[in-house]
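Below is one structure, written out as structure tokens; comments come after it.
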Amino acid sequence: MATEEMQNFRELFPQSQIPVVIASVFQAARTLNKTSRGDREDSLTRRLHSRLVKIHPFRDGPLSVHFKPKIPGDDIDADTSGGEIDLLVSCDRGYEVYFAFEAKRLRFQSSGRLVLGNDQYVNNGMMRFVSGQYAPLMEAGGMIGYVFDGNSEQARLDVDRYVTAHAGELKLRPPHQLAPSSLLDQIAVDETGHDLDSRPFIIYHLFVPV
């Protein structure tokens, strides 16, 4: 999409549906468990997707949820895609209008040691929104952190420290860290605000014990 077309693009994922989407992910994730210490985020997300399609609003509409769909890159004639979004929630407003989730493992064991996973969460997760690779025309997206040792509060603190240390690269708005979101009353969700080149952007953070 040309720069002028992007500037004229005004359709956004419905703000009223974002709390519904995030609450649905929490509902579906309640029975999600790793199968082993070496379980991967793709396998967990596939199982999360299988749960999501069974519940409202995805089972009955008006939303649809897709597992790892390929998206086009900047070069529409390229032989490769622009990447794969872990979970993509679409509505009835066109191909470019969606709510995307990127998922990463946190606090997992590898070769007998604890790996926090903060670098992957930020550099290969959040940055895909900040760079515009994912949701280039939207103003919100989500991160899912699968917390392998079940300590979601510590995982949040770990990620928060890493995010604060990389506030510049992430183009964070004050308070330059994870902050509790007012999006949902009874579910703990964090958010970070980002000043991107052409638009503001919010990333909602969900820490899921598995």
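The values are calculated or read from the model by the stated rules, or taken from the named source; none is laboratory data. Computed from a predicted model, the values in this text were never measured in an experiment. As a convention, Cβ positions derive from the backbone with ideal geometry for all residues, glycine included, and neighbour counts pool all protein chains shown.
Tabulated values for the structure
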quantity: Number of the exception - residue 58 against (1) surrounded by 13 or more Cβ atoms within 10 Å (Cβ to Cβ); (2) within 28 Å of residue 169 (Cα to Cα); (3) at pLDDT below 95; calculated: (2)
quantity: Odd one out for residue 138 among (1) closer than 22 Å to residue 38 by Cβ; (2) assigned to a loop (DSSP other than H, G, I, E, B); calculated: (1)
quantity: Region 176-210 - residue that is outside any loop (DSSP other than H, G, I, E, B) and charged (D, E, K, R) and, of those, farthest from residue 107 (Cα to Cα); calculated: 195
quantity: Boolean, residue 145 is in contact with a Ser or Thr (Cβ under 9 Å, 6 or more places away or on another chain), buried (at least 19 other Cβ atoms within 10 Å of the Cβ) and part of a strand (DSSP E or B); calculated: yes
quantity: Long-range neighbours under 9 Å by Cβ, at least six apart or interchain, first residue farther than 19 Å from residue 18 by Cβ within region 39-61, second outside any loop (DSSP other than H, G, I, E, B) and among the charged types (D, E, K, R); calculated: 39/105; 40/105; 41/104; 41/105; 44/105
quantity: Criterion violated by residue 51 - all others in (1) among the charged types (D, E, K, R); (2) in contact with a Pro (Cβ under 7 Å, 6 or more places away or on another chain); (3) at pLDDT 90 or above satisfied; calculated: (2)
quantity: Check on residue 156, closer than 21 Å to residue 30 by Cα, of a type outside the set (Asp, Glu) and out of contact with any Ser or Thr (no Cβ under 9 Å at 6 or more places or on another chain); calculated: yes
quantity: Selection status of residue 161, in contact with a Leu (Cβ under 7 Å, 6 or more places away or on another chain), modelled with pLDDT of 95 or more, surrounded by fewer than 22 Cβ atoms within 10 Å (Cβ to Cβ) and over 16 Å from residue 198 (Cα atoms); calculated: no
quantity: Of residues in region 182-198 being surrounded by 16 or more Cβ atoms within 10 Å (Cβ to Cβ) and touching a residue at least 24 places away in the same chain (Cβ under 8 Å), the one nearest to residue 13 (Cα to Cα); calculated: 183
quantity: Index of the failed condition, residue 34 passing every other in (1) modelled with pLDDT of 90 or more; (2) in contact with a helix residue (DSSP H, G or I) (Cβ under 9 Å, 6 or more places away or on another chain); (3) within 24 Å of residue 202 (Cα to Cα); calculated: (3)
quantity: Tally of residues being assigned to a loop (DSSP other than H, G, I, E, B) and without any contact (Cβ under 8 Å) to a residue 24 or more places away in the chain across region 87-106; calculated: 1
